[in-house]
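Here is the structure we will look at.
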Amino acid sequence: NYFREASFWHVANIGRGCKLDLKLISAFIERWRPKTHTFHLPCGECTITLEDVQLQLGLPVDGSVLTGSVQFADWGAICYDLLGAISDNIYGGWIEMGWLRDTFLEPRNDSTEVERIRYARAYILEIIGGYLMLDLYETSYI
């Protein structure tokens, strides 16, 4: 499975079959302090750490780091190489999230391996841009 190979299997399955306690979520929201990034609870302050994220999402937080800066790139060509399609709205390496959702539908049983890989890549981008590093602008980009 491509999600397992990319260490995104657990993240891709979060929420499936999960029942949310809306009252508990509301209680936590009321106690969240955005200036300090902490919850103010009766027992004291509590914050979310990288270890918490790793334990809850199952994402690796150690190993090789992927960073860098790309000053000049043909983003359309990169998009086509990785996804097999080019968005009309690429802005300096940013791809519109709606385009990902509309273009890469869940693969059918008769999909080719290449189609499944492209879907997995698009879905991982959607997870990163829509959940892990959420952009709150009207039109979301990753």
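Just so it is clear, none of the values below were taken in a lab; they were calculated from the coordinates. Quick caveat: nothing in here was measured; it's all calculated off a predicted structure. Cβ coordinates were reconstructed from backbone atoms using ideal geometry, including for glycine residues, and neighbour counts include every protein chain displayed.
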| task | State the extension gain, in nm to one decimal, for the chain segment bounded by Ser26 and Val53, taking 0.36 nm per residue of separation less the distance between their alpha-carbons. | result | 7.7 nm
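Arranged by the count of other C-beta atoms within 10 angstrom, fewest first, what order do Lys23, Lys35 take?
Details: Lys23 8, Lys35 5.
Ascending Cβ contact count within 10 Å gives the list Lys35, Lys23.
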| message | As I understand it, the dipole of the chain uses +1 on the Cβ of Lys and Arg and -1 on the Cβ of Asp and Glu, about the Cα centre. Which of Ser26, Met97, Ser87 lies farthest toward its positive end? | response | Ser26
| Among Ser111, Ser64, which comes first, second and so on when ranked by fewest other beta-carbon atoms within 10 Å? | Ser64, Ser111
| note | For the chain, the longest principal axis of the Cα atoms and the Cα long axis of helix 22-31 enclose an angle in degrees, to the nearest 10, of 70
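Counting other beta carbons within 10 Å of each Cβ, put Glu126, Glu5 in order, fewest first. The partial results should precede the final answer.
Values: Glu126 18, Glu5 10.
Least crowded to most crowded, the residues run Glu5, Glu126.
Quick check: net charge around Ile78, other residues with Cβ under 14 Å of its Cβ, Lys/Arg +1 and Asp/Glu -1? Before the final figure, lay out each step's value.
On the way: positive: Arg118, Arg121; negative: Asp74, Asp81.
Residues close to Ile78 contribute a combined charge of 0.
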| Taking a quarter of the surface of the Cα convex hull of the chain, what do you get in nm²? | 11.6
| For peptides 41-51, 90-100, sequence by mean Cβ density within 10 Å, most packed first | 90-100, 41-51
| query | Roughly what would the spin-label model give for Phe72 and Glu115, points 7 Å off Cα along C-beta, in nm? | reply | 3.9
| task | Quickly estimate the mean residue ellipticity at 222 nm for the chain, helices only: each DSSP H run with n ≥ 4 gives -39500 (n - 2.57), and the total goes over all residues, rounded to 500. | result | -11000 deg cm²/dmol
